[in-house]
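Have a look at the structure below before the remarks.
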Amino acid sequence: MSAGELSDRFEVSKPTMSAHFNVLREADLVHAEKVGKSVVYHLKLSVLEDALLGFVHSFGLDAEPPKTGD
């Protein structure tokens, strides 16, 4: 989604959303791509997966997917 499309979904100002986008970019969670006059943001799922797995492991839990019936 573009920055404008994303900010329209939240009741905060566009400068506030821009600040949040900057934090997400600095954390390497999103990739920003200039398309014409818009900036399109892409979520980096592999980075998010790694962060979530680290969170799960911090509780000593195993994040292996459940086995399906044989």
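The values are calculated or read from the model by the stated rules, or taken from the named source; none is laboratory data. Model, not experiment: these values are computed from the prediction. With ideal geometry, Cβ positions are generated from the backbone for all residues, glycine too; neighbour counts draw on all protein chains shown. When the accessible area is computed, the model is the full protein with side chains, heavy atoms only, and any ligands, DNA or RNA have been set aside. Shrake-Rupley method; radii C 1.70, N 1.55, O 1.52, S 1.80 Å.
Please name all residue pairs, on different chains or six or more residues apart, with Cβ atoms under 8 Å, provided the first residue is in region 26-40 and is under 15 Å from GLU5 (Cβ atoms) and the second residue is among the acidic types (Asp, Glu) and open to solvent by 50 Å² or more (accessible area, probe 1.4 Å).
Pairs that qualify, where the first residue is under 15 Å from GLU5 (Cβ atoms) and the partner is among the acidic types (Asp, Glu) and open to solvent by 50 Å² or more (accessible area, probe 1.4 Å), are VAL39/GLU33; VAL40/GLU33.
Of all residues in region 9-62, count the ones that are β-branched (Val, Ile, Thr), surrounded by 10 or more Cβ atoms within 10 Å (Cβ to Cβ), over 12 Å from the mean Cα position of the chain (by Cα) and not in a helix (DSSP H, G or I).
To start, the set of residues in region 9-62 that are β-branched (Val, Ile, Thr) comprises 12, 16, 23, 30, 35, 39-40, 47, 56.
Add one more test, that the residue is surrounded by 10 or more Cβ atoms within 10 Å (Cβ to Cβ), and what stays is 12, 16, 23, 30, 39-40, 47, 56.
Okay, now just the ones that are also over 12 Å from the mean Cα position of the chain (by Cα), so 12, 16, 39-40, 56.
Restricting the remaining residues to those that are not in a helix (DSSP H, G or I) gives 12, 39-40.
Number of matching residues: 3.
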